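**Q** Sharing a structure, written as structure tokens. Questions coming.
Throughout, read-outs are computed from the coordinates displayed, never taken from laboratory work. None of the values given here were measured: they were computed from a predicted structure. Reconstructed Cβ throughout: ideal geometry from the backbone, glycine too, with neighbour counts over all protein chains shown.
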Amino acid sequence: MTENDRIPSKGEIVIYTDPDGTVQTDVRLEAETLWLTQYQLEELFSTDRTSLVKHIQNILDTGELEEGATCAKFAQVRREGKRQVRRDILYYNLDMILSVGYRVNSKRGTQFRIWANRILKEHLVQGYTINQKRLIEQQSQIARLRESIQLVERSLLEQVETIDDARKVVKVLSEFAQGLRILDDYDHETLEQAGKRFDRPP
């Protein structure tokens, strides 16, 4: 994978260059799909705005794609003179890009589809790898904390002289262990249920 093909984080940009090197454009990667503006579509498929608008309208009118699912406005800040202006720019997602491409320039549409599928696959794999790594690290931290609890428990119990002391130690360790369970539930996105489980009546 080249520098131009790097997989960006959500809402960032990946650069597409066609095999001939005649087209290079910034492609937005967000919500697990790719997005281009109308101007970028014109450039990518070497077409004019009139033809492009006509094809997009036909795609929507025939029900092939839905406007709400394939079109979105993203805010962009641009400098105009001495001030910065925030504007909403209309983007089209990968489904619309490919549908337009097959109508206007099938060769470039196919080239973009191959590239887009690779980019999205790499993005998915990278995200899965990062999540797996994070999960392993968290499990390792929890395991070490539990070992520490057991060590502290053994050390304190050897020094406990009365029943009251023992109860205090057990209470502290129990609350600490409960905190670990809550953290574990949070990591596995079950915190709400865990909260209900640990709630005490007023």
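**Q** Can you work out the PRE-style zone for Asn117? Point 7 Å along Cα to Cβ, and I want the residues of segment 25-60 with backbone N under 12 Å.
**A** Zone members listed by number: none at all.
**Q** May I pose another question? With the crude spin-label approximation of a point 7 Å out along Cα→Cβ, what separation in nm comes out for Glu64 versus Ile142?
**A** 4.9
**Q** Mind checking segment 67-101 for trypsin sites (Lys or Arg not before Pro) that DSSP puts in a loop (not H, G, I, E or B) and that have at most 11 other Cβ atoms within 10 Å? Before the final figure, lay out each step's value.
**A** Values: sites: Lys73, Arg78, Arg79, Lys82, Arg83, Arg86, Arg87; in loops: Lys82.
Here the sparse-neighbourhood loop sites are Lys82.
**Q** Would you please give the FRET efficiency between Ser51 and Gln24, computed as 1/(1 + (r/R0)^6) with r the Cβ-Cβ distance and R0 = 22 Å, to the nearest 0.05?
**A** 0.50
**Q** What is the ratio of the Cα radius of gyration of segment 60-125 to 2.2 N^0.38 Å, with N the residue count, to two decimals? Mind dumping the intermediate values first?
**A** Numbers: Rg = 15.7 Å, N = 66, 2.2 N^0.38 = 10.8 Å.
Ratio of Cα Rg to 2.2 N^0.38 Å: 1.45.
**Q** Which net charge results for the neighbourhood of Arg49, defined as the other residues with beta-carbon distances under 12 angstrom from its beta-carbon, given Lys and Arg at +1 and Asp and Glu at -1? Provide the component values of the computation, followed by the final result.
**A** Numbers: positive: Lys54; negative: Glu42, Glu43, Asp48.
Net charge in that neighbourhood comes out at -2.
**Q** Another question, then. What FRET efficiency comes out for the pair Glu12/Lys168, r = Cβ-Cβ distance, R0 = 45 Å, nearest 0.05?
**A** Details: r = 52 Å, r/R0 = 1.16.
The computed FRET efficiency comes out at 0.30.
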